[in-house]
Amino acid sequence: MTNGFEYVFPAIRGIQARREYYVSMCPMRLLSKLFEFDGEEMVPELRAQRQINKGRVPEIARYITENLDNYVFSAVTVSIDSTVRFDQLAIEGDTGRVGMLHIPMSARFVVNDGQHRRAAIDRALREKPELGDESIAVVFFIDAGLARCQQMFADLNRYAIRPSKGLAILYDHRDETGRLAKDLISNSPVFRDVVELEKTSLSPRSRCLFTLSAIYNATEELLNGMQDMAPTDSAALALKFWEAVARHIGEWELVRKGKLSAGEVREDFIHTHGVVLQSLARAGRSLMDQFPKQWESKLDPLKTINWRRTNSSLWEGRVLLGGQVSKSHQTINLTTNAIKRHLGLSLSAEEERVEEAFTRGNHGSKS
């Protein structure tokens with residue numbers, strides 16, 4: 001702040017759509033003091049952006065405080081409803097882009113993009129005040145009214161597409177289950193070279209049998225409740241389980257040997273689909289709980305399961321709807337029941353209830 005009652009930011013000036021904009025840095029301790037959120041009490045058509053989802057704020061704040069050495073944020077975008085002055089610095093070769101941005105203290109700042117980051121930083125500062133000396137990039141646009149601000153919000157979010165779950169797992173090095181799943185794929189001949197790492201679905205011509213997201217979900221299911229186990233032991237157990245399962249599903253081996261195409265297997269069988277892998281993992285976890293020393297040999301009956309889609313008497317309505325694999329929690333429950341029964345495992349009271357409801361529904365539809 002200067003004696004002229006201004007905010008002064010070191011900034012870089014740029015041009016977009018024939019309009020000037022400015023890029024600067026803001027200390028985190030000033031972020032919530034300077035940049036306000038468009039009031040929640042206003043109706044949507046009078047706001048410049050969406051309401052804050054309060055459930056997201058603690059999660060983002062926790063991300064900051066738990067990763068103080070390697071968190072990362074993109075810039076916050078702010079509109080200024082005032083005339084500003086940019087005094088360029090005489091630096092050789094910068095063509096007037098670097099200077100000081102002067103903003104009247106009477107100006108109103110509105111966050112167009114980054115309101116959740118702003119709120120989370122404010123929350124994180126209460127726990128870690130030392131974060132106040134760190135900074136975040138801010139992009140300033142000159143406000144041309146509510147309609148312009150609303151259009152900016154729409155444009156900033158128009159092409160914002162979340163990465164696929166597979167790509168998010170692939171690039172996330174903090175997620176313990178993700179690291180385990182990636183190591184599993186690298187170290188096990190069961191999965192090596194037959195897992196799609198980015199996409200969450202496979203095209204008919206894909207040479208892969210599985211997706212990374214499916215392996216992740218299934219392995220998470222297998223290790224559910226084993227948080228006290230050391231990571232190396234979890235990895236060894238997961239590797240042992242999936243290799244044991246693979247020994248009883250001949251089509252997986254035939255694909256690895258080049259005797260069947262992955263597309264043929266996915267078209268004719270259900271055992272490569274994510275919901276079935278999760279069901280196998282859940283049944284495997286039950287085996288481990290009941291037979292901690294013998295669970296591996298108890299998997300032998302898997303080799304006699306008819307996994308073909310044409311086995312409609314077993315799979316239709318349970319994992320298939322009209323011949324297509326259904327992706328739902330109920331599908332996992334019903335498929336797990338079928339696998340557990342085939343392995344000679346008793347069902348829990350909740351699993352019995354689900355099975356009885358399924359049986360009644362089937363009888364009712366047939367009558």
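A few points about this structure:
- Criterion: touching a residue at least 24 places away in the same chain (Cβ under 8 Å) and more than 26 Å from the chain's Cα centre (by Cα) - qualifying residue of F140, F153: F140
- Scan of the stretch 82-124 for residues that are under 18 Å from E20 (Cβ atoms), hydroxyl-bearing (S, T, Y) and surrounded by fewer than 13 Cβ atoms within 10 Å (Cβ to Cβ), ordered by number: T83, T95
- Answer residue from the stretch 55-74, given it is farther than 19 Å from N157 by Cα and part of a loop (DSSP other than H, G, I, E, B) and is modelled with the lowest pLDDT among those: G55
- Given (1) assigned to a loop (DSSP other than H, G, I, E, B); (2) exposed (fewer than 15 other Cβ atoms within 10 Å of the Cβ), number of the condition K303 does not satisfy: (1)
- Sole residue being within 30 Å of F35 (Cβ to Cβ), crowded, with 17+ Cβ neighbours inside 10 Å and either outside the structural domain of T83 (by TED's automatic domain parsing) or among the acidic types (D, E) (or both), chosen from D143, D133, D155, D172: D143
- The single condition among (1) more than 25 Å from L212 (Cβ to Cβ); (2) of a type outside the set (D, E); (3) surrounded by fewer than 17 Cβ atoms within 10 Å (Cβ to Cβ); (4) without any contact (Cβ under 8 Å) to a residue 24 or more places away in the chain that W295 does not meet is (3).
A quick yes/no check of all residues on (1) assigned to a helix (DSSP H, G or I); (2) over 24 Å from E196 (Cα atoms); (3) among the hydrophobic types (A, V, I, L, M, F, W, C):
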{"site": "V265", "(1), (2), (3)": "yes, no, yes"}
{"site": "H271", "(1), (2), (3)": "no, no, no"}
{"site": "S279", "(1), (2), (3)": "yes, no, no"}
{"site": "R285", "(1), (2), (3)": "yes, yes, no"}
{"site": "D289", "(1), (2), (3)": "yes, yes, no"}
{"site": "W295", "(1), (2), (3)": "no, yes, yes"}
{"site": "L299", "(1), (2), (3)": "yes, yes, yes"}
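- Residue-level check: of (1) farther than 30 Å from H173 by Cα; (2) at pLDDT 85 or above; (3) of a type in the set (S, T, N, Q); (4) in contact with a helix residue (DSSP H, G or I) (Cβ under 6 Å, 6 or more places away or on another chain), Q49 misses just (2).
- Restricting the stretch 315-337 to residues that are within 23 Å of the chain's Cα centre (by Cα) and of a type in the set (V, I, T) leaves a set whose member that is surrounded by the fewest Cβ atoms within 10 Å (Cβ to Cβ) is V325.
- Note on the stretch 306-336: residues that are part of a helix (DSSP H, G or I) and without any contact (Cβ under 8 Å) to a residue 12 or more places away in the chain amount to 3.
- Residue in the stretch 190-200 that is outside any loop (DSSP other than H, G, I, E, B), outside the structural domain of P58 (by TED's automatic domain parsing) and not aromatic (F, W, Y) present: yes
- Residue in the stretch 243-254 that is in the same structural domain as I339 (by TED's automatic domain parsing), more than 25 Å from Q324 (Cα to Cα), outside any loop (DSSP other than H, G, I, E, B) and over 18 Å from the mean Cα position of the chain (by Cα) present: yes
- Flag if L334 is at pLDDT below 95, of a type in the set (A, V, I, L, M, F, W, C), more than 18 Å from F241 (Cβ to Cβ) and in the same structural domain as I215 (by TED's automatic domain parsing): no
- Qualifying residue in the stretch 171-180 (condition: in contact (Cβ under 8 Å) with a residue 12 or more places away in the chain and outside any helix (DSSP H, G or I)): yes
- Residue check for T232: part of a helix (DSSP H, G or I) and free of Cβ contacts under 8 Å to residues at least 24 places away in the same chain: yes
- Breaking point among (1) in a loop (DSSP other than H, G, I, E, B); (2) in contact with a His (Cβ under 9 Å, 6 or more places away or on another chain), for A214: (1)
The values are calculated or read from the model by the stated rules, or taken from the named source; none is laboratory data. Computed from a predicted model, the values in this text were never measured in an experiment. Neighbour counts run over all protein chains shown; Cβ positions are idealised from the backbone, glycine included.
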